[in-house]
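Since the structure comes first, as structure tokens, the remarks are kept for the end.
The values are calculated or read from the model by the stated rules, or taken from the named source; none is laboratory data. Since the model is a prediction, treat every value here as computed from it, not as a measurement. Quick reminder, even Gly has a Cβ in these numbers, built from the backbone with ideal geometry, and neighbours come from all protein chains shown.
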Amino acid sequence: MPYTVKRTATVPALKADWEDPAWQHAELGEIGVVRPEGSDHVPKVNFKLLHDGDHIYGIFRVEDRYVRVLATEFQASVCRDSCVEFFFKPQRGAGYFNLEINAGGAFLIYYVRDHRRSGSGLADYAKLSPEEGKLIKVKTTMPQIVDPEISEPITWCAQFTIPRSLIEKYTGDLQSLNDCTWEANLYKCGDDTSHPHWISWKPVTALNFHLPECFGKLILA
């Protein structure tokens, strides 16, 4: 089933507050497809997405354990920490974006034109610059660093805002965020936690989140 990204007239405050009334009319999504290579820890993860014509807004809610956060820098390998991810391909452009956010609020974002593996990396991609990264707003409910790992049950949230103007630097003019279809997948991982896991919204055919052929549909209403 596709996910409908509803248009909102109310900009969600950057508080990572799942209960914020601005999110109440958003469709509820679930990240619940578990890769078998993971441990027996399976967090419960939900997400909500909205847009206002000029921005994409998103929030994740994670009922977690074994939370670990070490990366603090922009473009660090945050997937090694307790992490949520939003990969999305707009209706125009040759590639897709991968926004990856750890529980402490550090994030990574590339524009991937060719997801095939080349050596230790992707065949063709651009790392967004620090100046571009400043245009993306991120807020989480956990401290910037979590070490030692928190093994007890804990719920945390991560929120983001991405401006359409930044997306269009890579895709060209999108003309509108209304009445269009994007492709996407959303993930939860924790590669270097004591209980690693890899969970997705739509199934992936291998232990690899960079599989755009496995993306689902986002309907921007």
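Here are some notes:
- A residue that is at positive phi and surrounded by 15 or more Cβ atoms within 10 Å (Cβ to Cβ) occurs somewhere in the range 51-68.
Listed here are the residues, each with its yes/no results for (1) modelled with pLDDT of 95 or more; (2) of a type in the set (A, V, I, L, M, F, W, C); (3) under 15 Å from the mean Cα position of the chain (by Cα); (4) within 25 Å of residue 190 (Cβ to Cβ).
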site	(1), (2), (3), (4)
2	yes, no, no, no
41	yes, no, no, yes
48	yes, no, yes, yes
58	yes, no, yes, yes
64	yes, no, no, yes
81	yes, no, yes, yes
95	yes, no, no, no
104	yes, no, yes, yes
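- Condition check for residue 27: in a strand (DSSP E or B) and within 17 Å of the chain's Cα centre (by Cα): no
- Among the residues listed as 162, 136, the single one being farther than 19 Å from residue 43 by Cβ, within 17 Å of the chain's Cα centre (by Cα), surrounded by 15 or more Cβ atoms within 10 Å (Cβ to Cβ) and free of Cβ contacts under 8 Å to residues at least 60 places away in the same chain: 136
- Selection within the range 177-197: residues that are under 16 Å from residue 44 (Cβ atoms) and not hydroxyl-bearing (Ser, Thr, Tyr). The member of this set that is surrounded by the fewest Cβ atoms within 10 Å (Cβ to Cβ) is 195.
- Positions within the range 72-84 being surrounded by fewer than 24 Cβ atoms within 10 Å (Cβ to Cβ) and either within 20 Å of residue 130 (Cβ to Cβ) or in contact with a Gly (Cβ under 6 Å, 6 or more places away or on another chain) (or both), in sequence order: 72, 73, 74, 75, 76, 77, 79
- Only a single criterion out of (1) outside any strand (DSSP E or B); (2) under 21 Å from residue 208 (Cβ atoms); (3) in contact (Cβ under 8 Å) with a residue 60 or more places away in the chain is not satisfied by residue 76, namely (3).
- Sole exception among (1) in contact with a Phe, Trp or Tyr (Cβ under 7 Å, 6 or more places away or on another chain); (2) crowded, with 19+ Cβ neighbours inside 10 Å for residue 127, by number: (2)
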